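See below for the structure under consideration.
Just so you know, all these numbers are worked out from the coordinates, no wet-lab data involved. Owing to the predicted nature of the structure, the values given are computational and were not obtained by experimental measurement. Neighbour counts are summed over all protein chains in view; Cβ atoms, including those assigned to glycine, are modelled from backbone coordinates with ideal geometry.
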Amino acid sequence: MNRHLLGLEYCSREEIESIIQTGFSFKEVLSRPIPKVPTLRGKTIVNLFFENSTRTRISFELAQKRLSADTVNFSVAGSSVAKGESLRDTIRNIEAMKIDMVVVRHKSPGVPCFLTECTDAVIINAGDGLHEHPTQGLLDIMTLQEKLGSVEGLKVVIVGDILHSRVARSNIYGLQKLGAKVALCGPPTLIPVKAEQWGVEIFYDIGDAIRWGDVLNILRIQLERQSAGLFPSRREYTQRFGVTLEKLRRVDKEITIMHPGPINRGLELEHDLADSEFSVILDQVTNGVALRMAVLYLKSGVPAQE
């Protein structure tokens with residue numbers, strides 16, 4: 001097993017399966033009256049977030065607290081980074097305070113890998129630019145296994161802004177290694193030119209994608225990038241690629257709806273569909289804590305304690 005978690009591209013099928021199985025074990029811990037174990041007591045973990053985050057950061061913090069680790073949260077706004085300190089100096093100064101693990105999110109691809117060269121601490125990638133978001137990919141697979149039993153042979157369509165999505169890349173790597181078939185669906189301007197090299201189906205019609213797939217993993221349309229003119233208008237995007245109950249009812253089969261959040265309700269996903277029987281979105285959130293507990297435990301090298 002790799003010492004760090006930098007991306008699912010670098011993980012074997014066996015490592016992915018081990019993390020997810022351990023995640024299910026920790027989910028049982030979360031259902032206890034006191035959802036806490038002393039597994040990482042005495043370990044110090046730094047959450048080094050250079051980008052805004054709600055779900056991922058809170059999920060990691062909860063996972064650390066459930067494992068009894070000591071947690072330090074790094075805020076860029078109140079740090080020496082705002083004064084011009086380099087990334088290397090920041091991590092080496094933090095390491096001098098005797099830390100064990102670093103959970104890092106950064107706008108630049110490759111930062112987690114770079115940090116492995118600057119510190120002896122274990123590095124966990126919580127999202128690096130447009131590269132990967134491995135724990136999101138893992139918790140998505142865990143959620144599908146929980147509902148459907150296996151992802152082997154499953155047809156999963158990733159819908160929306162693939163071009164700017166690190167979630168899409170981690171899902172593609174992880175799902176394919178476990179035997180799932182993956183497709184992409186969205187406007188041509190939001191599908192990367194090299195996507196054909198990823199061994200995926202590509203759809204430019206949401207109806208065709210729904211007929212093909214068993215699962216729709218719907219990505220957030222990044223409205224902050226709309227000024228680039230990658231699609232004509234929000235209304236046209238919704239009409240052509242938005243997932244609605246009406247579109248799902250045109251096919252006679254079970255469809256599972258996923259979304260990594262935050263959701264632009266009424267844009268990429270019909271308002272009420274996110275809360276419908278098709279959706280496993282809240283299951284993804286719950287599984288995120290258990291899955292991240294598994295990652296922290298397995299990468300720490302500490303034996304499990306009851």
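Rounded to the nearest 20, the size of the Cβ-charge dipole of the stretch 1-129 about its Cα centre is 520 debye, with Lys and Arg at +1 and Asp and Glu at -1.
Taking trypsin sites (Lys or Arg not before Pro) across the stretch 50-146, the ones in a DSSP loop with at most 14 further Cβ atoms lying within 10 angstrom of their Cβ are Lys98, Lys107. Taking other C-beta atoms within 10 Å as the exposure proxy, Ile221, Ile58, Ile34, Ile206 rank Ile34, Ile58, Ile206, Ile221 from fewest upward. Counting every C-alpha pair in the stretch 213-305, the share spaced more than 18 angstrom apart comes to 55%. Principal axis extents of the C-alpha atoms in the chain (largest first, rounded to whole Å): 57, 45, 33. P(r) for the stretch 53-153, from all Cα pairs and a bin width of 5 Å, is 2, 10, 18, 22, 21, 12, 6, 4, 3, 1, 0 %, short bins first. The angle between the Cα long axis of helix 281-300 and the main principal axis of the chain comes to about 30°, on a 0 to 90 degree scale. A simple charge model with +1 on the Cβ of Lys and Arg, -1 on the Cβ of Asp and Glu and nothing else charged puts the dipole of the chain at about 500 debye relative to its Cα centre.
Under a model in which nothing but the beta-carbon of Lys, Arg (+1) and Asp, Glu (-1) is charged, the stretch 68-206 shows a dipole of about 140 debye around its Cα centre.
For Ala183, the shell of other residues with beta-carbons less than 9 Å away shows a net charge of +1, using +1 for Lys and Arg and -1 for Asp and Glu.
Taking the inverse of the mean 1/r over every pair of distinct Cα atoms in the stretch 134-280 gives a Kirkwood hydrodynamic radius of 15.1 Å.
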